[in-house]
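Here the structure comes first, spelled out in structure tokens, and everything after it is commentary.
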Amino acid sequence: MPRPISATIDSSALRHNYLLAKRLAGEARCWAVVKANAYGHGLLRAAQAWGDLADGFALLDLDEAIRLREAGIRQPVLLLEGFFEPADIDVVLAHDLSCVVHSEEQIAMLRAARPTRPASLLVKVNTGMNRLGLRPAHLPAALEALTFLPPGSRIGLMTHFADADGARGVAGQAQVFADAVRQMRWQGPVSLANSAALLFHGDTRADWVRPGIMLYGGSPAPQARSAADIGLKPAMTLKANIIAVQDVAPGERVGYGGLFQAERPMRIGVVACGYADGYPRHAPTGTPLALDLPGGRTRTRLLGRVSMDMLCVDLTEVPVAGTGTPVVLWGEGLPADEVATAAGTISYELFCALAARVPVREA
Ligand SMILES: *Cc1c(COP(=O)(O)O)cnc(C)c1O
């Protein structure tokens, strides 16, 4: 028998979440962001779950974009960081991929390549995040430098918000963008919103939205609004079985470093999941887990330090649980956002960290 751990990806939840994003997007079209192997859910699995529902797909890696094309995906596919070297340009155009252009260097590479096929570009504006993008003052020259592109080429403008999920919000950056667009009398398409902007700042929808995390059932701001509140369904459920039980006496310690010390007699379950499976090592004692019992799910808590291949849970109050009992690490019945918050991270990181050694099933 293989090690009793698996992740289940629920394609009906993926579809439900995409349709919710589409409803919020109104008239705007919706790139499904599938970077990082669809946030750990499997690139082709996610793309196929959405199939013709999706208006387009956005990711980072040229090879992954080509895999989508080779799998028969005909919708627009956007490279969120564009190309990295001149040799990529031909490949991008040959596969009819759309491309973010965020730097003068990329524009210079394009000019030098003198493409003969039409290109589809989204010029990225740095409106204050100071990660990728051209300053508004450099935009007119950049757009002028792209006028050599062959007929049929399409150009849009985009930006990315640094704090759509936080207290600063989007107003400052949206203003910088609006000013730039107005000064240039820009008429072409515009894309601004990630999940948080789509959910919390509906006026940023523009022509294309770019939700990622919400499609997988994570809230971009779980403290402000939980995924369930938003109406999202978890797409990934990580489960593993209890493989051993220990009875410990008061004063005895559990796991590496003896981090947890029992104050009373306790029953401890050892679960076949550790940080090498993608569970966060920094999750402290008290992080929630759910026991999958015949009568339903029961919450319990993590005890002590997470090991590479195992972690320990409290079974003291749950005598029916024992070796063989399935434990939900996150997903159905236990929002990844709750686990992430307890571990001081975000659901994005949990999903992306799902290790290759964990077998994935589809539901
Ligand atoms: C990752 C990413 C998104 C999606 O962000 P979420 O917070 O997951 O919705 C959108 N746009 C860009 C440029 C990104 O890199």
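The helix-only estimate of mean residue ellipticity at 222 nm for the chain, built from DSSP H runs of length n ≥ 4 each weighted as -39500 (n - 2.57), is -7500 deg cm²/dmol after division by the residue total.
Note that the stretch 145-193, at 37 °C in a medium of 0.692 mPa s, gets a Stokes-Einstein diffusion coefficient of 262 µm²/s from its Kirkwood radius over C-alpha pairs. With 10 Å bins beginning at zero, the pair-distance distribution over Cα atoms of the stretch 6-143 amounts to 11, 37, 33, 16, 2, 0 %. If you bin all the Cα-Cα distances of the chain at 20 Å, starting from zero, the percentages per bin are 28, 48, 21, 3. Accessible surface of residue 358, taken over heavy atoms with a 1.4 Å probe and every protein chain present, rounds to 10 Å².
Here the simple spin-label model places points 7 Å from the Cα toward Cβ, and for residue 19 and residue 147 these points are separated by 4.7 nm.
From the alpha carbon centroid of the stretch 117-145 to that of the stretch 284-363 is 43 Å. Calculate, for residue 263 and residue 44, the FRET efficiency according to 1/(1 + (r/R0)^6) with r their C-beta to C-beta distance and R0 51 Å; round to the nearest 0.05. After rounding to 0.05, the efficiency reads 0.55.
Taking all protein chains together and a 1.4 Å probe, the residues 298, 325 rank 298, 325 from largest to smallest accessible area. With protein chains left intact and a 1.4 Å probe, residues in the chain average 44 Å² of accessible area per residue.
Heavy-atom accessible area for residue 109, with the other protein chains in place and a 1.4 Å probe, reaches approximately 40 Å². At what distance in angstrom do the alpha carbon centres of the stretch 82-100 and the stretch 227-272 lie from each other? Centre-to-centre distance over Cα atoms comes out at 47 Å.
What whole-number distance in Å separates the alpha-carbon centres of the stretch 152-225 and the stretch 36-71? Taking the Cα centre of the stretch 36-71 as reference, the centre of the stretch 152-225 is 21 Å away.
Label point of residue 247 set 7 angstrom out along Cα-Cβ; within the stretch 303-323, amide nitrogens under 16 Å from it belong to 315-323.
By a 1.4 Å probe calculation restricted to protein chains, residue 107 has an accessible surface near 10 Å², given to the nearest 10.
The values are calculated or read from the model by the stated rules, or taken from the named source; none is laboratory data. Quick caveat, the model's predicted, so the values are computed rather than measured. Here Cβ is always computed from backbone atoms with ideal geometry, including for glycine, and neighbour counts include all displayed protein chains. Side chains are part of the model used for accessible areas, which takes the heavy atoms of the whole protein and leaves out ligands, DNA and RNA. Shrake-Rupley method; radii C 1.70, N 1.55, O 1.52, S 1.80 Å.
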